[in-house]
Amino acid sequence: MPKSPYNFEKNILGLSSPGMTIDRLPEEWIHVSYEESVDPQVKCICNHVIRYVNRYLNTRTQRMINVGTGCIKKFHLGKCKSAKTLLTKLIIGSRGDYDKIFDLIQYSDENWKTFLETIQNSAISEWDNLAGLNEINEIIKAMSENKIEATKISILEDIVSEIQSRLDKKAELAETHRLLTEKMNRERAQRAEEQRIISEARYREEVARLERQREANKIVEEEKRKACLEELGRRENIRDPITLKRLQREADVRAYNAKKATT
């Protein structure tokens, strides 16, 4: 089967507004997305089968096309306005085969469908965040400014609503987690403060107990000291002659009284 011929100019002008010329393409074509395709049948508007796909939208005819990096450079499509800025680097791929585009309108419609599917897939993966939301809003803005069909814009607006809903849910969960974390931190701090108060009370109680014990020990030691001094004094008195005579008289009196009591 012979390869289809290169046919960029005829095809892109066939989807452009009447009277358009190659050198004026940036007047009505805008770059809307980029992706690395895994579909071996994706075709550039020139019929070339491509891997690195840049999608361009005509703001007047509302047709969408795929353009390979080679045609972008050759026809200076890099000068076209961009509806988004996520991927602007052009990647040089290997030259592939050319596969004839038989129906330009069908080709454009299929590109629209693929474009919207790509946005939808990105919306639930790498674009499921605030940056992705901003990117889609940029595309919607560019399409609105260029009066693209409302039904096509509404699909993107629905995607924005879905992302916003998920972001709101994530924010709600994050806020719930934050409040729960704050509550747990407060409770942890409160328990720590209660434990500190209990520890300090126990410490003060122990210090007071030890102080009472020291005072009690002092009293005991003082009583022991006094008893010892009294015992020493008593022993000294026993050895005193006068005391000895007094004690002897007292003993004699007790003996006499005992004898008298028995007679």
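The values are calculated or read from the model by the stated rules, or taken from the named source; none is laboratory data. Here the structure is a predicted model, which is why all the values come from computation and not from measurement. We place every Cβ from the backbone using ideal geometry, glycine too, and count neighbours over all the protein chains shown.
Things worth noting here:
Quick grid of which residues meet (1) under 41 Å from the mean Cα position of the chain (by Cα); (2) more than 20 Å from GLN106 (Cβ to Cβ):
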{"site": "THR21", "(1), (2)": "no, yes"}
{"site": "HIS31", "(1), (2)": "yes, yes"}
{"site": "TYR52", "(1), (2)": "yes, yes"}
{"site": "TYR56", "(1), (2)": "yes, no"}
{"site": "THR59", "(1), (2)": "yes, yes"}
{"site": "PHE75", "(1), (2)": "no, yes"}
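- Taking the stretch 145-190 as the range and being more than 17 Å from LEU57 (Cβ to Cβ) and either outside any helix (DSSP H, G or I) or among the acidic types (Asp, Glu) (or both) as the test, the residues that pass are ASP158, GLU162, ASP168, GLU172, GLU175, GLU182, GLU187.
- Pair list, Cβ < 7 Å and 6+ apart or interchain, from the stretch 57-68 residues that are more than 14 Å from SER17 (Cβ to Cβ) to residues that are of a type in the set (A, V, I, L, M, F, W, C) and at pLDDT below 85: MET64/TRP112; MET64/PHE115; ASN66/VAL42; VAL67/LEU77
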